Each structure stands twice: as C-alpha cells, then as structure tokens.
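To start, the structure itself, in structure tokens.
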Amino acid sequence: MPKAELAARDWYDLWFPLLAPSADTLRQWKADPSPAHWPAFSKRYRAEMAAPDARHTIALLAALSHRSDFSVGCYCADEAHCHRSLLRALLADAGARMG
C-alpha cells in the first residue's frame, strides 16, 4: 500500500527498532546470509529479544493482538530467513492471537 494511502485507509506504519536485530547481529548475518549461518543469527536475535525492554514490548504486542489487528513487516524477501519469522514465533510464544 502506498504510504500516501495509509491514513486514508485507517492504517498506520510504525518503525519499531527495539524489535529489530542489533546492528552487529544484522551486519554478521548480511556478511554471509547462507542457510548455514541462520541458526547463529537466530540464536543471537532471540538473546537480544530476551532483554527486558524487548521482552516487555513483545508481551505488550501479544496482549494488544487480542484487541487489535497488526502486521509485522520487513524488507527481506525470504521470511524463512528474516527476523520477522523469529519475531512471529516470539509473539506466538507470548500468547499473541495470530490471524
């Protein structure tokens, strides 16, 4: 959807860097984004999301999912090797309603 249409359709786009991989984790992944390195990236990202601020934010989003619909997006072409697939799993583990 074009950004110009977001508000007109009652949609809002929000950048949430707290839930993104750290610059160092992302840099390591982008240096060699092969499937062989996915487990290491996944482990690092999950460790970052276990920090209190990220964990509380994930819990908040999981709770909000029972009252509102939202989507998590990213520019990565392959969701299977993107942090959004990991974030989806973390949200599910926190009790989010998945649609």
What is the packing order of peptides 35-43, 87-95, taking the mean over residues of other C-beta atoms within 10 Å and listing the highest first?
87-95, 35-43
How long are the semi-axes of the equivalent ellipsoid of the chain, taking √(5λ) for every eigenvalue λ of the Cα gyration tensor, in whole Å from largest down?
24, 18, 12
Return the carbon/sulfur percentage of the accessible area of the chain, one whole number, probe 1.4 Å, all protein chains in place.
58
Can you give the accessible area per residue of the stretch 41-85, in Å², using a 1.4 Å probe?
66
Can you tell me the relative contact order of the chain? Whole percent, Cα pairs under 8 Å, sequence separation 6 or more.
28
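The values are calculated or read from the model by the stated rules, or taken from the named source; none is laboratory data. All of these numbers come straight from a predicted model, not from anything done at the bench. FYI the Cβ positions are ideal-geometry reconstructions off the backbone, even for glycines, and counts take in every protein chain you see. For accessibility, only protein heavy atoms count, side chains too; no ligands or nucleic acids. Shrake-Rupley method; radii C 1.70, N 1.55, O 1.52, S 1.80 Å.
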